[in-house]
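Scroll down for the structure; my scribbles are underneath it.
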Amino acid sequence: MLHHRLPSAPKEGDRSKGPGAGSWKSSCPASGHVSSDCRKAGWAGRLAGDVRKPRSGQSRTSAPGVVARPSQKWRNPGESLSPPPLQIKMASREEGFTRLLGVAEVTRRAEARLMEPGLRGVQSGVAMGRLQRPILPAPLLLLLLLSAAPAAQAFEPISVGIAIGAASALTGYLSYPDFYCRFVECCREEQPLNASALKLDLEEKLFGQHLAREVILKALTGFRNNKNPKKPLTLSLHGWAGTGKNFVSQIVAENLHPKGLKSNFVHLFVSTLHFPHEQEIKLYQEQLQKWIRGNVSACERSVFIFDEMDKLHRGLIDSIKPFLDYYEQVDGISYRKAIFIFLSNAGGDLITRMALDFWRAGKKREDIQLKDLEPVLSLGVFNNKNSGLWHTSLIDKSLIDYFVPFLPLEYKHVKMCVRAEMKSRGFAIDEEVVTRVADEMTFFPKEEKIYSDKGCKTVQTRLDFH
């Protein structure tokens, strides 16, 4: 450890030449914290109180935008905060270091001892905020702290090395993305879709919807496997209430982001809730654009779900048309990896009519193919004033990638829904209860009574009575 000597006190004739005004004695503060030794130290007394007057022509105010601190009251803008170098002197074996952050402290039993220059620079960075920033890495900072402490003499080189190694390892581990993302939700933009998990969820949880299961699985798998898609994926789900549209959107969200609908990267809009007033459509358009723009800039894998499209005011959905188009960027933001899902009851009558025609012709439900329904569905929705997509440019410009039909559910599908609900509640499957709940549902047409008019929508509440 180096020992330096403080400069000797100025002579009587030179007392007025010091940096303090008047006598050199004025550089010592009047408080009891500084002993008479301060008068001998001269410069040390001035540092302990930091009370020197401003230079000639210099203002007492600090630099613009910087709050004056005790260590910078009388300095010029840009001047270092650190005091002049001091000669450090050991007073006695028992006293050791006196640690300070930026100023020297003089005690009655020891001469002034200033902290190491490296630490002084760190403290200056903390004090000045934006003006200076600490540049020492964590392991080196730890070493300097240990060496500046009074008990530094008790540390052995091996102990210090172990401490530095542990700090380095901990810093690297905490900065590892996987560790960080265990505690904070992250937008994993390059994480591939688990197609097997999605397929299993659709097969086990979605009943009677072979078309929706097939289209959604292929659409999502192909889109996520494409490293450079040309546009966002846009799905439009159509069918009567209770056929599984909302349920599928929930399954999709959970497979894309672990938190599903609760994720910060999944955004659900309900027409009657978020866009209730038709006279405010201009405001809604601006807000919707800002919301989508801001969230995609934060996570390009964002998912946007629009429920009750059939109740959406005309023209509102056209405001997001630029985000769904074949643009590489819009205002510096790429939307090509985002997903947009529209849910609508519109077109349910067309889908039911097609399913009923197949049944009456003696064909199986599973024989219905997407090519049988998609052209009819897109045209019907485009011409339906209550579809939310009436004469929209999204259809006119072919920006909707898939129209996904949800078929009406039959009696056997309702029973599947009852069993699934009982299983989710931890109940043992009781077939008598399953049959009673299914029999309470209403079916159409009146003659055949093939399809449930509410699908599985009321299964949960009806099961509460059994």
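The values are calculated or read from the model by the stated rules, or taken from the named source; none is laboratory data. In this text the structure is predicted, and so the values were computed from the model without any measurement. Here Cβ is always computed from backbone atoms with ideal geometry, including for glycine, and neighbour counts include all displayed protein chains. Heavy atoms of the whole protein, side chains included, go into the accessibility calculation; ligands, DNA and RNA do not. Shrake-Rupley method; radii C 1.70, N 1.55, O 1.52, S 1.80 Å.
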Which of the residues belonging to the stretch 338-358 are within 15 Å of GLY380 (Cβ to Cβ), in contact with a Leu (Cβ under 9 Å, 6 or more places away or on another chain) and part of a loop (DSSP other than H, G, I, E, B)? ALA346, GLY347
Can GLY294 be described as touching a strand residue (DSSP E or B) at 6+ places or on another chain (Cβ under 9 Å) and not charged (D, E, K, R)? no
Look at GLY426 and say whether it is within 39 Å of the chain's Cα centre (by Cα) and not assigned by the TED database to the domain that holds LYS371. yes
Residue pairs within 9 Å by beta carbon, gap of at least six or interchain, first lying in the stretch 285-314 and without any contact (Cβ under 8 Å) to a residue 24 or more places away in the chain, second open to solvent by 20 Å² or more (accessible area, probe 1.4 Å), listed first then second, are GLN287/HIS274
Counting only residues that are farther than 26 Å from ILE251 by Cα and outside any helix (DSSP H, G or I), which one in the stretch 281-320 is most open to solvent (accessible area, probe 1.4 Å)? ARG314
Quick one: TYR326 ticks every box in (1) in contact with a Phe, Trp or Tyr (Cβ under 8 Å, 6 or more places away or on another chain); (2) part of a loop (DSSP other than H, G, I, E, B) except a single one, so which number is it? (1)
Out of LYS205, LYS218, LYS227, sole residue that is at negative phi and within 28 Å of the chain's Cα centre (by Cα): LYS227
The number of residues in the stretch 400-432 that are open to solvent by less than 10 Å² (accessible area, probe 1.4 Å) and either modelled with pLDDT under 95 or in a strand (DSSP E or B) (or both) is 2
Checking the structure you have, find out if any residue of the stretch 379-393 is open to solvent by 30 Å² or more (accessible area, probe 1.4 Å), free of Cβ contacts under 8 Å to residues at least 60 places away in the same chain and either in contact with a Leu (Cβ under 8 Å, 6 or more places away or on another chain) or assigned to a strand (DSSP E or B) (or both). yes
Please specify each residue of the stretch 188-213 satisfying the condition of being aliphatic (A, V, I, L, M) and assigned to a helix (DSSP H, G or I). ALA195, ALA197, LEU198, LEU200, LEU202, LEU211, ALA212
